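Let me begin by presenting the structure, written as structure tokens, before commenting on it.
The values are calculated or read from the model by the stated rules, or taken from the named source; none is laboratory data. Model, not experiment: these values are computed from the prediction. Note that each Cβ is placed from the backbone with ideal geometry, even for glycine, and that neighbours are counted across all protein chains shown. All accessible areas refer to the heavy atoms of the entire protein, side chains included, with ligands and DNA or RNA removed. Shrake-Rupley method; radii C 1.70, N 1.55, O 1.52, S 1.80 Å.
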Amino acid sequence: MKAHEILIQEVYKVKENDTVRSVIDTFIKHRISGLPVVNDRNEIVAYISDGDIMRYIGKHEDRMINVFFYINVIKGDDEKFEERVERLLNLNVMAIAKRKVIKVSWNEEIENIAAILGKKQIKKLLVERNGVLVGIISRGDVIRHSFKALL
């Protein structure tokens, strides 16, 4: 079985020039936790997830790095949580999205898709054809299609 046989074609996505506000709005409206980021040609340029949002709004503690003769301190947050949340809404999506996106070709075998999802410990894989986003496959999609004939 190939990716194009099980993929979901209706993919919610955001454009690379959108703000994080539109991402969060889409998360809430469609009850999802991640979105591909595409350019004007619908090519995948990044992926943004709820984890990226949590890392941004979460408290950042001071960190000390001991390098033989001196200690370097990386200062944490001085601003309040509400200020970080407000600032995040107006950021460009590319400021926090992951640019290294794991994706598969539209004719990838389902067993390879299962291996990637398991090994990389990710929930979804983007599917592309000729460099363009054509769908998405989740762990649940693989499980449903792999076992439906056996149960």
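Here is how the numbers come out for the structure above:
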read-out: Tally of residues being out of contact with any Gly (no Cβ under 7 Å at 6 or more places or on another chain) and either open to solvent by less than 50 Å² (accessible area, probe 1.4 Å) or hydrophobic (A, V, I, L, M, F, W, C) (or both) across the stretch 5-26; value: 8
read-out: Strands (runs of 3 or more DSSP E) enclosed by the stretch 42-151 - at least 2 residues per element that are open to solvent by 50 Å² or more (accessible area, probe 1.4 Å) and at pLDDT below 90; value: 63-67, 70-74
read-out: Test: K29 is at pLDDT 95 or above, charged (D, E, K, R), exposed (fewer than 11 other Cβ atoms within 10 Å of the Cβ) and not in a strand (DSSP E or B); value: yes
read-out: Matching residues in the stretch 96-134 - criterion: being at negative phi and among the small types (G, A, S); value: A97, S105, A114, A115, G118
read-out: All positions within the stretch 32-41 that are open to solvent by 10 Å² or more (accessible area, probe 1.4 Å) and of a type in the set (A, V, I, L, M, F, W, C); value: I32
read-out: Close pairs (9 angstrom Cβ cut-off, 6 or more residues apart or separate chains): closer than 30 Å to I6 by Cβ and among the polar types (S, T, N, Q) in the stretch 82-107, open to solvent by 30 Å² or more (accessible area, probe 1.4 Å) and not in a strand (DSSP E or B) anywhere; value: N107/H4
read-out: Those residues of the stretch 37-50 which are touching a residue at least 40 places away in the same chain (Cβ under 8 Å) and over 13 Å from the mean Cα position of the chain (by Cα), in sequence order; value: R41, N42, E43
read-out: The stretch 14-36 residues that are free of Cβ contacts under 8 Å to residues at least 24 places away in the same chain and over 17 Å from A95 (Cα atoms), paired with ones that are in a loop (DSSP other than H, G, I, E, B) and open to solvent by 70 Å² or more (accessible area, probe 1.4 Å) (beta carbon under 7 Å, 6 or more apart); value: T26/Y12; H30/Y12; I32/Y12
read-out: Close pairs (7 angstrom Cβ cut-off, 6 or more residues apart or separate chains): within 13 Å of I110 (Cβ to Cβ) in the stretch 128-151, of a type in the set (K, R) anywhere; value: I137/K124; S138/K123; S138/K124; R139/K123
